[in-house]
Amino acid sequence: MAPIVLRQSNGDEVPVLALAPVRSLEKGEQKQELLNADTLTFSVKTTAPLVVGIGVTVPIFGQLYTTNQVPALTRKGEDWFEYEVKLEGPQYHLLRVIFFDSATSGNALSSSFSLTGNLQFFSTVLQSNMARVFGGAWGLGTVQIPGEVDDTGTVGPPIDGEDTVTKTLTFENENCLSVLQRLCTEWGTEFQIEYRPNDAPNRVLHIKPAGQVLEYTFQYGQGKGLYELSRRSVENTPFVTRAYIFGSSKNLPSGYRGYATRLQLPFAGSGTSSLDDSFLDNSAAIAAFGLIEGTQIFEEVYPHRTGTVGASASQLTFTDPDIPFNPLAIDRYDVVNGNSKPHYQYIIDGLTIKIHFQTGGLAGYDFELVKFDPTTKTFTIKSFTDERGQIFPDPVDGSPFRIAAGDTYVMTDIIMPDEYVEAAEAQLLAAGTQWLRENSTPAVEYSLTLDEMYLQKLANDTGSIPIDNPPNFFSVGDQIRLVDTELGIDRYARIIGFTRDVIRPYKYTLTLGDAPKVPLLARILSHQKDMTKVLNGSGLVDPLVGKNSTDIAALNKAEILQTVSDQIRVIAHATNYTLSATPVPEGFTPLLHNQLVRNFLKVAVYDGPPENVKQTIIGQLQAIAIKKL
């Protein structure tokens, strides 16, 4: 293997191995985890101080690693120094970049904002932030998500980022690495960073499923590549054999499936309960493990139609020539107090139909629909003014906050025609089937220690002089076949992590599993941010923000508990939590005398069951629904 060299930021090169002064490499390890770690660590002994500051790089195994912190140092004698040097892969550079609302359209910068778009849109905004700090050194490559899974479990071709679903995400002072990981989680994909030292840009970010299916098969026996195999259960990953599947509560008709409050599966509907028949069973898993119930809610699945703006002749109007129905259609007239009153077929009592733009300059904004011309298929919406005095849509020509041809939108707070309800139920069935398939067996991980000589022969590196650049046999995300007849194992599994010895580059330890691991503390901190966003946005931290006095007085303890509970449901399956409302702490008083919110909200997340007296609090979320005077 070629000598390992530390490249200083000024261009000087310091070999790790040297005779004057004497330097030796005691151990070195590369560690990668899917969607997580990518590090290189060295233990160096030297007879003279080793100058290693921040920004030192080491090119190795086809990647460039950088020191982002000073190394640990232990002095053992007059001329004996030991260093622990940790270098990090290129993804850690993204920690330096704050994610601003810096879209290519040139909208104002902010680190606390919401955006609406598909994965390609968010990836482009991410790239524009990276360019602010790194210039042309980083580029954006392929943006894709995994293909759809059919009834046999076969994954179809990848879906391009432009064709992914549109989502609205809120950001609060986040760095680009956390945003990248969040985008991968939201759209169920992964990322890779390609290092190209001789090209520009020399780093290309690909947001797509990682890895490939390799031809390697590992099993015990001489010349078969496997030295040691171990298996363990993955903690905090419960599995179910019966899944109750629900969609969103939006756009449902009155009396839907026995007055169910959420979208249900197509075959649900005995009419006695919202739970009746809205579940899926995995018969094989039930036979093996018994009946284990679970619930999964897909908030993004609801009856809707994605429309496209054909033209916009004025500030408040636009056409959609392809819309097949009149959203303001009148199906009958009712006599009320002697007067004839129209009954609108698609309007929900007490609500006004909203136009929610998904793309364009008004992406993420909702507008009330006030008129629809069925002849020209022209929509007329109602404008609004925000707290800054900005009018949406903007009456000024040339403003970025205008309706434009090609913008896409959906309608909410509307009773959609039956065919859209049926389509949403079919989508829910597909999503629920895939979710149950992925969550109906116990989650396990395999650790494989591979035979170094086996890999060395594959690399044709058996001569007296080792080759300078041993090949990279594996990448995170790759799939290999694992066989152990006696243990009943014969399957393809993904490499979700590996360690590689730097001194003995054919010494690999692989971790195989079905999904990348997100550290428990990282999940808690992520959802703690989400909680803060929701509390700030809804006015629960300061009820006068975004709410009038009537709204505040209407809030009560149960409603706020439900709001907070909804936000932590996503981590409830992986952790234990308690949620309580206690009296207002001393020094705090309600904002209004008639206010019903007089409680201190607290969520504690534990690494053990709440009833366990030895439990440890590893995260805590809290909000005060009152304000200190």
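Derivation of every value follows stated rules applied to the coordinates shown; laboratory data play no part. Here the structure is a predicted model, which means the values were calculated and not measured. Here Cβ is always computed from backbone atoms with ideal geometry, including for glycine, and neighbour counts include all displayed protein chains.
Filter LYS250/LYS377; LYS86/LYS457; LYS76/LYS457; LYS31/LYS167 down to the pairs with a C-alpha to C-alpha distance above 29 Å, please. Exceeds cut-off: LYS86/LYS457; LYS76/LYS457; LYS31/LYS167. Amide H to amide H distances under 5 Å link PHE401 with ASP394, where only residues 5 or more positions off or on other chains count and H is placed in the peptide plane.
For segment 194-201, putting each phi into the Karplus relation 6.51 cos²θ - 1.76 cosθ + 1.60 with θ = phi - 60° gives couplings of 8, 9, 10, x, 10, 10, 10, x Hz, in residue order, rounded to whole numbers and with x for Gly and Pro.
As a length-normalised measure over Cα pairs under 8 Å and 6 or more apart, the relative contact order of segment 306-415 settles at 36 percent.
Here the simple spin-label model places points 7 Å from the Cα toward Cβ, and for ASN198 and LYS45 these points are separated by 3.9 nm. Note on TYR333 and ARG96: with the Förster distance fixed at 45 Å, the Cβ-Cβ geometry gives a FRET efficiency of about 0.10. Taking each residue as 0.36 nm, the span from GLU172 to LEU458 lengthens on full extension beyond its C-alpha to C-alpha distance by 98.1 nm. Each label point was placed 7 Å from the Cα along the Cα-to-Cβ direction; for LYS341 and THR261 their separation is 2.6 nm. Placing a label point 7 Å from the Cα of GLU162 along the Cα-to-Cβ direction, the residues of segment 401-433 whose backbone N falls under 19 Å from that point are 404-409. Stretched out straight at 0.36 nm per residue, the stretch from ARG132 to THR57 would grow longer than its current Cα-Cα span by 24.8 nm.
For LEU351 and GLU387, the difference between the fully extended length at 0.36 nm per residue and the C-alpha to C-alpha distance is 10.6 nm.
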